[in-house]
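The values are calculated or read from the model by the stated rules, or taken from the named source; none is laboratory data. Note that the structure is predicted; figures quoted are calculated from it, not measured. So basically every Cβ, Gly included, is an ideal-geometry build from the backbone, and we count neighbours across all protein chains shown.
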Amino acid sequence: MKLYTYFRSSAAYRVRIALNLKGLTPEQRAIHLTKDGGEQHQPGFRALNPQGFVPALEVDGTVLGQSLAIIEYLDETHPEPPLLPGTALERARIRAFALAIACDIHPLNNLRVLRHLKRALGQEDTDGWSRHWIEEGFAALEAQAKATAGAFCFGDRPTLADVCLVPQMTNARRVHTDLTPYPTLLRIDTHCRTLEPFAAAAPERQPDAA
């Protein structure tokens with residue numbers, strides 16, 4: 001098993017957390033997203049993952065893209081501890097929370113979107129852009145988490161929701177988002193970061209951190 005990753009990628013961060021929670025230690029290869037125009041654009045990596053995104057997980061000669069698909073694969077093939085526990089309805093609620101981050105918030109502050117805003121549209125305040133969408137998304141997630149949270153987003157064990165939340169909180173801090181309006185999310189994030197599977201996945205602890 002080989003993970004193609006980048007220390008600052010929040011999508012790769014999610015997969016690193018999931019791998020750690022499962023006790024898995026794949027070989028890692030860093031794909032630097034800004035060096036030399038972005039190593040993700042090099043033909044060798046595009047041959048592996050035509051989208052040119054990280055993370056990508058290579059398993060038995062097959063390469064999986066998209067962080068949530070990778071995490072669900074890991075959850076199916078290594079079911080303990082489950083990241084999508086409970087009934088079908090409970091699992092759907094966890095997925096919905098995770099998707100609100102991975103599909104609604106994160107893509108709007110992704111590197112390629114911010115570059116397009118600057119280079120093609122002449123918009124310099126990309127931090128302000130990112131904060132707007134983070135704040136809008138976090139307001140809804142805070143309301144949801146108030147109804148479902150224990151120590152984690154859904155009860156007292158980590159799920160896919162927490163795996164997605166913690167990297168997005170890192171992104172929020174990077175663009176100086178005021179997190180005080182989201183006390184439930186902040187409490188969960190603070191707790192998760194005390195746990196080694198989350199802490200070991202943090203950007204600053206990756207071999208390619210720079």
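Scoring ALA199 on the criteria (1) among the small types (Gly, Ala, Ser); (2) modelled with pLDDT of 95 or more; (3) surrounded by 22 or more Cβ atoms within 10 Å (Cβ to Cβ) leaves a single failure, condition (3). Within region 151-171, the residues that satisfy the criterion of being of a type in the set (A, V, I, L, M) and touching a residue at least 40 places away in the same chain (Cβ under 8 Å) are ALA151, LEU160, ALA161, VAL163, LEU165, VAL166. Restricting region 101-123 to residues that are surrounded by 20 or more Cβ atoms within 10 Å (Cβ to Cβ) and either modelled with pLDDT of 90 or more or among the charged types (D, E, K, R) (or both) leaves a set whose member that is nearest to ARG8 (Cα to Cα) is HIS106. Filtered by the rule that a residue be under 16 Å from PRO183 (Cβ atoms) and loosely packed, with under 14 Cβ neighbours inside 10 Å, region 134-150 gives ALA139, ALA140, ALA143, LYS146, ALA147, GLY150. Under the condition of being surrounded by fewer than 20 Cβ atoms within 10 Å (Cβ to Cβ), under 16 Å from the mean Cα position of the chain (by Cα) and assigned to a loop (DSSP other than H, G, I, E, B), the residues counted in region 58-83 number 1. The residues listed here are GLY52, GLY44; of these, the one that is out of contact with any helix residue (DSSP H, G or I) (no Cβ under 8 Å at 6 or more places or on another chain) and either without any contact (Cβ under 8 Å) to a residue 60 or more places away in the chain or not in a helix (DSSP H, G or I) (or both) is GLY44. Give the residues of region 41-68 that are modelled with pLDDT under 90 and under 27 Å from ALA161 (Cβ atoms), sorted by residue number. Once the filter is applied, which keeps residues that are modelled with pLDDT under 90 and under 27 Å from ALA161 (Cβ atoms), region 41-68 yields ASN49, GLN51, PHE53. Could we say that TYR13 is crowded, with 20+ Cβ neighbours inside 10 Å, in contact with a helix residue (DSSP H, G or I) (Cβ under 6 Å, 6 or more places away or on another chain) and at pLDDT below 95 here? So TYR13 fails the test.
Against the conditions (1) among the charged types (D, E, K, R); (2) free of Cβ contacts under 8 Å to residues at least 24 places away in the same chain; (3) within 16 Å of ALA69 (Cα to Cα), LYS22 satisfies every one except (2).
CYS192 meets the conditions (1) under 23 Å from ALA147 (Cα atoms); (2) free of Cβ contacts under 8 Å to residues at least 12 places away in the same chain; (3) surrounded by 15 or more Cβ atoms within 10 Å (Cβ to Cβ); (4) not charged (D, E, K, R) in every case but one. The failed one is (2). Of the residues making up region 19-32, those that are in contact with a helix residue (DSSP H, G or I) (Cβ under 6 Å, 6 or more places away or on another chain) and part of a loop (DSSP other than H, G, I, E, B) are ILE31, HIS32.
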